[in-house]
1. For region 145-193, give me the residue count where each residue is of a type in the set (A, V, I, L, M) and outside any helix (DSSP H, G or I).
2. Can you go through Phe143, Phe191, Phe184 and tell me which one is of a type in the set (Phe, Trp, Tyr) and in contact with a Phe, Trp or Tyr (Cβ under 8 Å, 6 or more places away or on another chain)?
3. How many of the residues making up region 20-41 are in a helix (DSSP H, G or I) and more than 10 Å from the ligand (Cβ to nearest atom)?
4. Checking the conditions here, which among Ala136, Ala123 is within 9 Å of the ligand (Cβ to nearest atom), under 30 Å from Asp198 (Cα atoms) and surrounded by 15 or more Cβ atoms within 10 Å (Cβ to Cβ)?
5. I'd like to verify a number: residues in region 200-234 that are crowded, with 20+ Cβ neighbours inside 10 Å and in contact with a Lys or Arg (Cβ under 6 Å, 6 or more places away or on another chain), how many?
6. When region 235-258 is examined, which residues are found to be under 29 Å from the mean Cα position of the chain (by Cα), modelled with pLDDT of 95 or more and either in a loop (DSSP other than H, G, I, E, B) or over 15 Å from Ser168 (Cα atoms) (or both)?
7. Give region 44-80 a look and list any residue that's part of a loop (DSSP other than H, G, I, E, B) and either touching an Asp or Glu at 6+ places or on another chain (Cβ under 6 Å) or within 13 Å of the ligand (Cβ to nearest atom) (or both), or say none.
8. Within region 1-27, how many residues are loosely packed, with under 12 Cβ neighbours inside 10 Å and at positive phi?
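The values are calculated or read from the model by the stated rules, or taken from the named source; none is laboratory data. If you're wondering where the values come from, they're calculated on a predicted model, not measured in any experiment. Positions of Cβ are generated from backbone atoms using ideal geometry, with glycine treated the same way; all protein chains shown enter the neighbour counts.
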Amino acid sequence: MNLCDIETIRAVLGRHGFHFSKSLGQNFLTDESVPRRIAEMSGAAECGNAIEVGPGMGCLSAELCRRADKVVAVELDRALMPVLAETLADYDNFEVVHGDVLETDLAALCKEKFGDGKAIACANLPYYITTPAITALLESGAFEQVTVMVQKEVAQRICAEPGTAAYSAFSIYVQYHAKTEILFDVPADCFVPRPKVDSAVLKLVPLDKPAVETKDEKLFFSLVRAAFNMRRKTLVNALGPVLGSSMSKEEITALVEAAGLDARVRGERLSLAEYAKLADLAAEKLS
Ligand code: SAM
C-alpha cells in the first residue's frame, strides 16, 4: 500500500471514519519520496532502534520499519490506532504507544523497549509542539540522532549564525546541545491538508558534551534569554533584569568589556563561546 497516495489516504481514513484535526497538527505527507529520504538519513538502519513521534497513518513509520530492527511510535490521537493496525499490519517490528510525547518519559520508554540499546528519533512534527518536542527529545539524552521535519523558518532559526535575523535564544539552546543541519526543504503542497507554510527536515546530532564549557549553565541561559528578550537593546541594557540587582550599569559595562566585547554590542551578535565567557565572568563577580 502506498501510504502517501492521496486516493489511498482518503480510502483508508474514510473506512475508519477519521477526520483530520487541525489542533493536533495533522498534515500527512503525500509525496512518498519525502518519508523515504527522511528514513534514509535518520540513522535508523545503522542504529537499529527508532522512536517516532506522531506516526499519523504510518508513511514514515513504514520506511523506518524497512530499515530498523524495531520502531516504537508515540501517537496522541486514539482514532489513529485502528488505522495504524491496518496500514502497518505487515510490519511485526512496529509498535505504537498511545500518549502525548510531551508527557512521555522518553529515556524510560527507550529503556523499556530497547534495553541498553541506542536509539534514534524521527518525526514529521506537528507544528504546535515543535519547540517543546525538540527540547524533550534533546533533554532525554536517549538519542544518537534526532531527525525532524519542522516549519522551514524554525529550522532556519535553529541553525542560524550569530548576527543574523534568525539567530535566537532557541538557536543557542539547540546548538549548545547538538550539531545542527538542514537536510532538505519540503514544500507545503507535499501534505494533506496543505499547511500555510513550507517545511524543512532538520538533523540534530546530540553532542557528548555541550558545545561550550560554562561554569554556571543556568546563568549562561539566563543571560542568553535576557539578551534576546530585548534584542533591540544593547547587551548592557538587556542584561539589567538579570544582573541589575547585584551590579550597577557601570559594572555590567565593565563585565561586557572584560569579555572582549564592545559596550554597545547587541546580544544577537554574540557566539555561544562569547556568551560562555560572559557568563563565567558574571559568575565570578556574583560569587
Ligand atoms: N507522520 C505522519 C506523516 O508524516 O504523514 C503524520 C505527521 S502529522 C504532521 C503529526 C502527527 O502527530 C499526527 O498524527 C498527530 O496526531 C500527532 N500528534 C499531535 N500531537 C501529538 C503529541 N503531543 N504527541 C504525540 N503525537 C502527537
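1. So the answer is 12.
2. After ruling out the rest, the residue left standing is Phe191.
3. 6
4. Exactly one of Ala136, Ala123 is within 9 Å of the ligand (Cβ to nearest atom), under 30 Å from Asp198 (Cα atoms) and surrounded by 15 or more Cβ atoms within 10 Å (Cβ to Cβ), namely Ala123.
5. Looking only at that region, the number is 1.
6. Result: Leu239, single match.
7. Once the filter is applied, which keeps residues that are part of a loop (DSSP other than H, G, I, E, B) and either touching an Asp or Glu at 6+ places or on another chain (Cβ under 6 Å) or within 13 Å of the ligand (Cβ to nearest atom) (or both), region 44-80 yields Gly48, Gly54, Pro55, Gly56, Met57, Gly58, Leu76, Asp77.
8. 1
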